[in-house]
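K.L.:
Quick one: structure below, then a few questions.
The values are calculated or read from the model by the stated rules, or taken from the named source; none is laboratory data. Bear in mind the structure is a predicted one, so any value in this text is a computation, not a measurement. Counting neighbours? That spans all protein chains shown, and the Cβs are built from the backbone with ideal geometry, glycine included. Side chains included, ligands, DNA and RNA excluded: accessible areas come from the protein's heavy atoms. Shrake-Rupley method; radii C 1.70, N 1.55, O 1.52, S 1.80 Å.
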Amino acid sequence: MSKPLKFVGLCGSLRKASRNAGLLRYAGSHVPEGVLFEVAEIGDLPFYNGDITEKPAAVQRLVEQLRGADALVIACPEYNYSMAPALKNALDWASREAESPLAGKAVAIMGAGGGMGTSRAQYHLRQTCVFLDLHPLNRPEVFANAFSASFSESGELVDEKIQGLIVQQLQALQAWALRLR
Ligand SMILES: Cc1cc2nc3c(=O)[nH]c(=O)nc-3n(C[C@H](O)[C@H](O)[C@H](O)COP(=O)(O)O)c2cc1C
């Protein structure tokens, strides 16, 4: 049997009842057979600062998790038409490694936000992926409305249509990651 793939999730929202974290939790419990999933904590990373010469433990932990990943699953909130700073900060730290823990990897993007479902932020993130040499999956796209009955009060995803899209996206990510491996 071939080695299982590892997907690592990143969530750009740090709040407890985050709808984006809810998307990622749903994804984590619905990965296809042959895939392992874990979420990388990014809430304790310091803001990137080029004067920090000794790598913080939280950054080292993130980099190791990313190195171990075959593919990423990013839950991308939209703040002021772009990606949330916690997510950008995590990508910025990872991008400063001499040997990139991101380059060449497959990534699936999903998000919960206002009426446009974080589409604007997701397209900014796709632009950032160009420089990071990450390879985003094109389809299916996952755009959820965070202010609708798609989520329970605590942030669990309850919308069957979006649940189905996430399952499809994870299957497509598995195939994409295997092609890139
Ligand atoms: C600073 C800030 C800026 C925001 N800007 C946008 C925006 O431009 N577009 C949008 O759809 N939602 C925007 N929102 C709403 C977020 O999409 C919403 O808070 C969403 O629930 C965040 O995801 P979470 O539930 O995972 O925390 C903004 C929220 C904050 C806090």
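K.L.:
Quickly rank 2-8, 66-72, 45-51 as a protection proxy: mean count of other C-beta atoms within 10 Å, highest first.
P.N.:
Working: 2-8: 16.1, 66-72: 20.6, 45-51: 10.3.
Highest-to-lowest ranking by the protection proxy: 66-72, 2-8, 45-51.
K.L.:
Considering the Cα trace of the chain, what is its radius of gyration and what is Dmax, both in angstroms?
P.N.:
When restricted to Cα atoms, the chain yields Rg and Dmax of 15.4, 47 Å.
K.L.:
Based solely on its DSSP helices, what 222 nm [θ] is calculated for the chain when runs of n ≥ 4 H residues each add -39,500 (n - 2.57) and the sum is averaged over all residues, nearest 500 deg cm²/dmol? Intermediate results must be reported in sequence, preceding the final value.
P.N.:
Working: 5 runs with 67 residues, N = 181.
Result for the chain, helices only: -12000 deg cm²/dmol.
K.L.:
In Å², what does the accessible area per residue of region 5-180 work out to with a 1.4 Å probe?
P.N.:
Averaged over the residues of region 5-180, the accessible area is 49 Å².
K.L.:
Oh, and also: Given the chain, what count of lysine pairs have C-alpha atoms under 23 Å apart, with each pair 8 or more places apart or on different chains?
P.N.:
The number of close lysine pairs in the chain is 6.
K.L.:
Now, a different point. Suppose the chain between Q60 and A17 were pulled fully straight at 0.36 nm per residue; how much longer would it get relative to their current alpha carbon spacing?
P.N.:
Full extension from Q60 to A17 adds 12.8 nm.
K.L.:
If the only charges are +1 at each Lys and Arg Cβ and -1 at each Asp and Glu Cβ, what is the size of the charge dipole of region 82-149 around the Cα centre, to the nearest 20 debye?
P.N.:
So the dipole magnitude of region 82-149 works out to roughly 200 debye.
K.L.:
Treat every Asp and Glu Cβ in the chain as -1 and every Lys and Arg Cβ as +1, leave all other atoms uncharged, and give the resulting dipole magnitude about the Cα centre to the nearest 20 debye. Intermediate results must be reported in sequence, preceding the final value.
P.N.:
Details: 18 positive and 18 negative charges, 63 e Å.
The calculation lands at about 300 debye.
K.L.:
What is the Cα centroid distance between region 34-76 and region 125-181, reported in whole angstrom?
P.N.:
Using only Cα atoms to place each centre, the spacing works out to 19 Å.
K.L.:
Next question. Using alpha-carbon pairs under 8 Å, 6+ residues apart, how would you state the relative contact order of the chain in percent?
P.N.:
27
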